[in-house]
Amino acid sequence: MDCRPRFSIHSKYNGYPYLQSPTDWPLCTMCGNLMPLVFQLNLSEIPSIRPENALIQYFECVTRDLAGSTCELGYPKNNSSLVRKVKITVPPIQVPVDFSSLFSVEDSFSKLMLKKISLEHKIVGWQPFDDYPSLVDVNAKMEYLTAYIGEDALDFLWENLEVLEKIENKHCSSEDKLFGYPHWSQTECYPKKMSEEIELLYQINGFVTSARSSIAFRDGERGMFFQTDDLKDIVFTTG
Ligand SMILES: [Zn+2]
């Protein structure tokens, strides 16, 4: 498979982003270094009732100091990451890239990261499958119900939901996916700043659980892109 990075409009992991101008590649506001592209989703290539000639791009700083600390610990990395929606207006601009300058330490982790961010994994198609809310989501809703039905009834429901999930194999996929339901690793972490109804746009595994991914999310958890119904507002979170 050809993994050479290209400045293109395709949906992909890592590699080079679509840029509209030579200064369009975002820099980390903490260290000033280039933030590698983690993920790019072309909204005209996805199965949607409202395809758009636009991209979702997610960038994250990979710079570490000599002690191995990243620019900004933990999520949300408001100053060392960026999620943005970009309209495709002009052919992709190409700029010179030297990812190796991002790594001042020549250890095996830096070498691995350099390889990861340099190899582009293009998304060539989509396969439909059934997806269901995770028990974490159901649990969150049940807390809300406790006031109405009491704790005993809630326990009964909870146990039977687990059984139902096992019997019917209606599980929430932990794989990378477009749409569906978030697979939270512990508790739900829906972004709070979005006031409107939101839906999962894309779930991405970190490099602990995915061969494609270039970024390790907290404790090997997942990254989630959430969207409002009209795709105006996109938020990235982990959980
Ligand atoms: Zn940085």
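Structure notes:
- Screening D2 against (1) within 16 Å of the chain's Cα centre (by Cα); (2) open to solvent by 30 Å² or more (accessible area, probe 1.4 Å); (3) of a type outside the set (A, V, I, L, M) leaves a single unmet condition, (1).
- Within this structure, T228 passes the test of being assigned by TED's automatic domain parsing to the domain that holds G74, free of Cβ contacts under 8 Å to residues at least 60 places away in the same chain and closer than 22 Å to R84 by Cβ.
- Members of the stretch 65-91 found to be modelled with pLDDT of 95 or more, more than 14 Å from the ligand (Cβ to nearest atom) and of a type in the set (A, V, I, L, M), listed by number: V83, V86, I88, V90
- Selection count, the stretch 44-81, where residues are within 22 Å of S8 (Cβ to Cβ) and over 19 Å from the mean Cα position of the chain (by Cα): 3
- If you filter the stretch 70-122 down to residues that are in a strand (DSSP E or B) and hydroxyl-bearing (S, T, Y), you find that the one that is surrounded by the most Cβ atoms within 10 Å (Cβ to Cβ) is S81.
- Scan the stretch 6-30 for residues that are in contact with a Ser or Thr (Cβ under 8 Å, 6 or more places away or on another chain) and crowded, with 18+ Cβ neighbours inside 10 Å and the total you get is 6.
- Summed over the stretch 18-64, residues that are touching a residue at least 12 places away in the same chain (Cβ under 8 Å) and within 16 Å of the ligand (Cβ to nearest atom) total 19.
- Matching residues in the stretch 34-89 - criterion: being among the charged types (D, E, K, R) and touching a helix residue (DSSP H, G or I) at 6+ places or on another chain (Cβ under 8 Å): R64
- Residues within the stretch 47-69 that are aliphatic (A, V, I, L, M), part of a strand (DSSP E or B) and open to solvent by 20 Å² or more (accessible area, probe 1.4 Å), tallied: 0
The values are calculated or read from the model by the stated rules, or taken from the named source; none is laboratory data. For clarity, every value in this text was computed on a predicted model and none was experimentally measured. Quick reminder, even Gly has a Cβ in these numbers, built from the backbone with ideal geometry, and neighbours come from all protein chains shown. In case anyone asks, the SASA skips ligands and DNA or RNA and just uses the protein heavy atoms, side chains included. Shrake-Rupley method; radii C 1.70, N 1.55, O 1.52, S 1.80 Å.
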